[in-house]
Amino acid sequence: MLKVLVVDDEHLMREALTRMIKKIDGFDAVYTADTGRQAVQICETEAIDIVFMDIMMPEMNGIEAGRRIKSIDKDISLYMLTAYNKWDYLQEAMRMKAEDYLLKPISQSKVKELLMQQLIKTGATQQPECCINALQNYKSYREMYYGVPVFVKNLSSSSQMLYREIIGELVKANGLSEERILRQAKKNFGHKKEFEHVLLQSMDQIYRDSATTKHPILMGVFDYLEVHLTENIGLKEITQDCNVSQGYLSRIFKVEFGVSVMEYIHMRKMMLAKWYFLDNRVSLTDVAYRLGYNESSYFSKVFKKYEHVTVLEYKKSL
């Protein structure tokens, strides 16, 4: 359920817009404010998804309030409302990346059109069953690795229930039994990237379970990786410990995962790196050594190769 905030110093306008929104399924959590300052305070304490903001208000106008709200959460969708069709207002709305600049009075049909677009954009209309079908259509591990972050990005940032339902359905549909996944699936996710991490771990287990069913020899390989993943390991160490030839192991991985053994290891390490970076106190060097990269410069190159951004760019995006 998406949360909407209506901000207008005119009581009748607030009341009319609130009633319009409550008639639309998925938007019954509606907050109101009569000043820009009050709107900012609400966004600081509540997980607001959409704001309808009047521009001309006392104390703090809608432009300034909109800037502050975007600084709190850049993903909040902001619609600017005004009775005056002024080019300066439109420019300011564009600068703060508002969704739209709307002239009063706004009709019920227009409100519904905008909100339905938001539902589609955020994925809030998606049912867990549909999400599971989408997640299980990836053709390779690489496609899954890059597909899951996009999938999560398109989901509502505040749908904790949907997050838990997706993990729950994934666990049920695939018989996942790893304790860490079952435990984390029951919690609230403070950051969308936390949910992304758990979802990637869940999908990784699905790939591993499928591969070991066809090739039982891989059970020893994955057991070895679970213990030594954060060390500086390569194909040689794995094959020696698991008594399997490099050629045979490489062929199995290419068939079942669509990636090489070393690509798989690096992707698993990058999943952990992104998890560690959620704690902004952790440095690049700390993460590099935690994951068995002896040189932070080499870790940075690997991170850029697989994530297509630098570590600094990724940390800033959080």
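Annotations
- Rounded to 10°, Cα long-axis angle of helix 160-174 versus longest principal axis of the chain: 30
- Positive-end extreme of charge dipole, the chain - chosen from 219, 259, 38 (charges on Cβ): 259
- Here region 182-295 is assigned +1 on the Cβ of each Lys and Arg and -1 on the Cβ of each Asp and Glu. Its dipole about the Cα centre then comes out at about 380 debye.
- Convex hull of alpha carbon positions in the chain: directionally averaged projected area 18.1 nm².
- Nearby lysines by direct alpha-carbon distance to residue 304 (threshold 19 angstrom, same-chain neighbours under 8 apart not counted): 193, 269, 274, 315, 316
- Computed magnitude of the charge dipole of the chain (debye, nearest 20; Cβ of K, R +1, Cβ of D, E -1): 580
- Ordered from highest to lowest accessible area with the whole protein assembly present and a 1.4 Å probe, 3, 254 read as 254, 3.
- Farthest toward positive dipole pole in the chain [+1 Lys/Arg, -1 Asp/Glu at C-beta], among 318, 47, 61: 318
- Partner lysines whose Cα lies under 16 Å from the Cα of residue 3, excluding those fewer than 8 positions away in the same chain, are identified as 22, 23, 70, 74, 112, 121.
- For region 221-276, the dipole from Cβ point charges (+1 on Lys and Arg, -1 on Asp and Glu) about the Cα centre works out to 240 debye, to the nearest 20.
- Charge sum, other residues only, whose C-beta stays under 12 Å from residue 235's C-beta, Lys/Arg counted +1 and Asp/Glu -1: -2
- Of the three principal axes defined by the Cα atoms of region 217-318, the extents in descending order read 42, 23, 20 Å.
- Summary of the geometry: region 287-309 and region 1-64, compared by the centres of their Cα atoms, lie 44 Å apart.
- Packing, taken as the mean count of other beta carbons within 10 Å per residue, orders the peptides 269-277, 308-316 from highest to lowest as 269-277, 308-316.
- Acute angle (nearest 10 degrees) that the helix 108-122 long axis makes with the longest principal axis of the chain, alpha-carbon atoms: 20
The values are calculated or read from the model by the stated rules, or taken from the named source; none is laboratory data. Fair warning: this is a prediction, and the values are worked out from it, not measured in the lab. Backbone-built Cβ (ideal geometry, glycine too); neighbour counts: all protein chains shown. Keep in mind that these areas ignore ligands, DNA and RNA; they rest on the heavy atoms of the full protein, side chains included. Shrake-Rupley method; radii C 1.70, N 1.55, O 1.52, S 1.80 Å.
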